[in-house]
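Structure first, then comments.
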Amino acid sequence: MKEMIYQTVCPGCNMGCGLYIRENEDGKLAVDFMKSSSANLGKLCRFGMKLPYHYSKSVSMVDGKKASVEYAVKIASDRLSGEDVCVNVNVALLGVGNTTNEESLAFNKIADRMGTIVNTGMGVYSELPTECHPTVGVGVTLNDIENVNRIALFVDPYIQYPLLVRRILAARKNGAYVVSVGLRDLHLADENRYIDPDLYESELGLDSGSVIITELHPNTDTGWVRRMLNLALRTQAKILFMKPFVNAAGVDLLCKGAGQKGIPEIMDGINEGNIKTLVVLDSDPIELMPDSDAAAAILKKLDNLIVITSRDSPVNRIADVVIATEPQYAKAGSFMNVEGRLLNNVHVYGDNNLPSGTAGIDALSTLNQYLGGEAMDYQTLHNKVLESIVRKYTKPKYKELACQVLDIGPVEGQKGNLIYLYNPFMWFDQPDDNDFVLVNMNMVKKLGLRKGGMITLGSDVGTVNIRYRVENMPDGLILSARKLPVATGWITMVSTEAVL
Amino acid sequence: MVEVGDMLVGYATDEDIRSRGASGGLVTAVLAAALEKGLVENVVVMKHINEFEAVPIITDDVKEVLASIGSLHSVPVNLAKYAVGRKVAMPAKPCDAQAVIEQAKRGMIDLDNTYIVGLNCGGSMHPVTTKKMLVEMYYIDQLADCVNCGACKEVCPVCACGEDSKCTTFHSLVDNYKMSMYHMVRMLHLADSCISCGQCSDVCPSDIPITLLKSRFAIPSQRKRNYHPGIDLDTPPFFEVMLK
């Protein structure tokens, strides 16, 4: 077999970075640079460069044993048609956007057949008026960022969305003034502010020539999103919600907004016994939830856990049924990035006898037929995608929203607020060389931390000793770019002390 | 008893001084002890202003001595004048120590009242020149925007290292220097092989002019040794020759 080369999109976030994946005759993968890609000009972040480690092929399983795809699909349909399964009551479908629009659309058709919806895991959507959805769903273009006069930055681009760095630097070169309102000082900002959210409108100097860059993810506080939307509305600034997951914007448009459950809500439903069957499409709650161990324990309470996936991930090991599909880069199909751009997977070189890249769609189609629905094919689904989900940034058309922002609040004594700086490595619980937390010098002095030493963090769920890096940031905060076994949420109050 | 010419290894016994000092905190501990024990009335230390600047102060306050921990070689000051007419202890670069001797010869400094802790020195430069050099020649501000993707190594056509290379082994994300060890090592390592092709700049997600940076080291090194990378198969890489 010849080497194969696929043009695809980085699965790390919704930026839409184009790249090539090379797969040699031994199945070994390498990344190559796609310099004509509009989103990134071939440039990639740390996660993108490590993609060969990310892709791990899944294997179809039934009750812990290897099985053929056909058998796994049949058993999945049997379980979904079982007497105990009551779709409107105790079944949930989850697809956060880690696969193509075409597979997501096929998954939606199965949900329709079952009389339910696909949850994208972004519970915020169901809590926002529908007129807000276009503004939250698709932001300004990445090129537009370079031509604004002012940027209010509410994310940490270095750690969370590294391909934003060059856009912001280009904007500065073009005369933009960059104000970071984040959790630590950022080198690329003209000004780093830590101000009361009530003062954003009066202090940030935003107008119609400005852009607000913030983020939306499964654990985002709804009050925060509302506050950002209000800020855009009042100042007439454009807004861009950065998102995790390669096709987060696409699945948002394909799935029905009403009744959407967030991942934490689904996990609560399982924990309380209200959800008995969970079907996930390329979405691993163990990776997505802040506390992996707690998530795995909750998922074990399910009667049926059916996983349709292109990757080997922790949820596969506890699933009742795993339906394996081809790797994401080898799928026929499209993704929509954060600026509303539709990006296609293309097989650009290699064996002409290569499978068509529709194994995932074929499996979903068979499952739909077993459930009494119609057959689905790639081309029909693709045409439907082209017709239905093209979307551009629209100016805010909603009204002022009531909001109450989650109060991080001051901490006392030896306590600290551990905050996750979500990034692609975290969403896939993938190891990186970042076994340290960020603290400020006051905490170093207060705890008597040693140069090159460690800090102990503790909570109700555990304790961890970890290295630290000193940053300019507000008192009482501890930032982490990796999941830690002391976290119970996006923000966790922890005890702190020096390791002696 | 210690004799002149003896060489000893020393460090501060105070844990805080030892952990915050540049090399075990010995100099700070000696100066603080000289004050506390009444050996001297004053000590001369450098008060930290910012990463490029410090100002000499004469103090009898041990706290100020302890706050001065850390060395600043880029500060060109004539410390000798602070010793004039005082019973003083001070750290001194070789040039400072030479100046004290010359002042003593001219009767300006009483060597019986002057205690010098000699330091090595890699050379000093005016802080503004230092900063200008780092910003304009070594793109230090732009390097601070590095997102540690490693693409410049991956795409480099002359890099012959595998995954376990020095540039990645010595580098850790826990360090937050503006110019990381990764870039420092690569600058040196590519001095005999960089062909200035521009690929590293092309793929940099922070648009850092890495090719220019590498060339700053590589081109003069290659010229000095009359080495033209990629032109013939006969001339071995000059680092290899130097090692042999």
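Helix A:101-114 and the longest principal axis of the Cα set of chain A meet at an angle near 70°. In chain B, the longest principal axis of the Cα atoms and the axis of helix B:26-36 are about 20 degrees apart.
Only helical runs count toward this figure. For chain B, summing -39,500 (n - 2.57) over DSSP H runs of n ≥ 4 and dividing by all residues gives -9500 deg cm²/dmol at 222 nm. Take chain B with all the other protein chains still there, run a 1.4 Å probe, and you get 58 Å² of accessible area per residue. Checking the cross-link pairs A:446/B:166; A:74/A:276; A:451/B:166 against a 26 Å limit on the alpha carbon distance flags A:446/B:166 as lying beyond it. What a 1.4 Å probe finds exposed on the protein assembly as shown is 51% carbon and sulfur by accessible area, rounded to a whole percent. Between the listed residues B:221, A:388, A:217, the Cα displaced farthest toward the positive end of the dipole of the protein assembly as shown, a dipole computed from Cβ unit charges relative to the Cα centre, is found at B:221. Heavy atoms of the protein chains alone define the surface here; on that basis chain A has 38 Å² accessible area per residue at 1.4 Å probe size.
Seen through its C-alpha gyration tensor, with square-root eigenvalues sorted a ≥ b ≥ c, region B:138-224 comes out rounded because a/c lies under 1.5. By the helix-only formula, in which each DSSP H run with n ≥ 4 contributes -39500 (n - 2.57) and the sum is divided by residues, chain A has a 222 nm mean residue ellipticity of -7000 deg cm²/dmol. Comparing B:118, B:23, B:66 along the charge dipole axis of region B:15-118, the residue lying farthest to the positive side is B:118, per the Cβ-charge model. Taking the C-alpha atoms only, the angle from helix A:164-173 to the longest principal axis of chain A is near 50 degrees.
Solvent-accessible surface, computed for protein heavy atoms with a probe of 1.4 Å, shrinks by 50 Å² or more for the following residues of region A:157-186 when the other protein chains are added to the isolated chain: A:158. Going from the chain on its own to the full set of protein chains, region B:17-34 has these residues losing 40 Å² or more of accessible surface (heavy atoms, 1.4 Å probe, no ligands, DNA or RNA): B:19. At R0 = 22 Å, how high is the FRET efficiency between residue B:49 and residue B:120 if r is their beta carbon distance? Nearest 0.05 is fine. My answer for the efficiency is 0.45.
Placing pseudo-labels 7 Å out from each Cα toward the beta carbon at residue A:234 and residue A:475 gives an inter-label distance of 2.8 nm. For residue A:331, the lysines whose Cα comes closer than 21 Å to its Cα, not counting residues fewer than 8 places off in the same chain, are A:2, A:28, A:50, A:57, A:109, A:384. Placing a pseudo-label 7 Å from each Cα along the Cα-to-Cβ vector at residue A:208 and residue B:231 gives an inter-label distance of 6.1 nm. With both residues required to sit in region B:15-118, DSSP beta bridges show an antiparallel share near 50%.
If every alpha-carbon in chain A counts as one equal scatterer, what log10 I(q)/I(0) does Debye give at q = 0.09 1/Å? Log10 of I(q)/I(0), two decimals: -0.62. Shielding value for B:165-174 is 3, the average number of Cβ atoms from other chains within 10 Å of each residue's Cβ. Accessible surface buried by the B/A pair amounts to about 2200 Å², both sides summed, 1.4 Å probe.
Going from the chain on its own to the full set of protein chains, region A:457-500 has these residues losing 30 Å² or more of accessible surface (heavy atoms, 1.4 Å probe, no ligands, DNA or RNA): A:467, A:469.
Once the Cβ-Cβ distance of residue A:71 and residue A:274 is raised to the sixth power relative to R0 = 30 Å, the FRET efficiency obtained is 0.50. The charge dipole of chain B, taken about its Cα centre with unit charges on the Cβ atoms of Lys, Arg (+1), Asp and Glu (-1) only, comes to about 640 debye. Net charge dipole, region B:15-118: roughly 220 debye, given to the nearest 20, about the Cα centre with Cβ charges of +1 for Lys and Arg and -1 for Asp and Glu.
Per-residue shielding of A:22-34, expressed as the average number of other chain Cβ atoms within 10 Å of the residue Cβ, stands at 1. Extending 7 Å from Cα along the Cβ direction at residue B:16 and again at residue A:445 yields two label points whose distance is 1.1 nm. In region A:403-486, the DSSP beta bridges split such that about 50 percent are antiparallel, to the nearest 5. Remark: mean inter-chain Cβ contacts per residue of B:205-212 equal 5, using a 10 Å Cβ-Cβ cutoff to other protein chain atoms. Antiparallel beta bridges, as assigned by DSSP with both residues in the protein assembly as shown, represent about 50 percent of the total such bridges.
The values are calculated or read from the model by the stated rules, or taken from the named source; none is laboratory data. Just so it is clear, the structure is predicted and the values come from calculations on it, not from any experiment. We place every Cβ from the backbone using ideal geometry, glycine too, and count neighbours over all the protein chains shown. Keep in mind that these areas ignore ligands, DNA and RNA; they rest on the heavy atoms of the full protein, side chains included. Shrake-Rupley method; radii C 1.70, N 1.55, O 1.52, S 1.80 Å.
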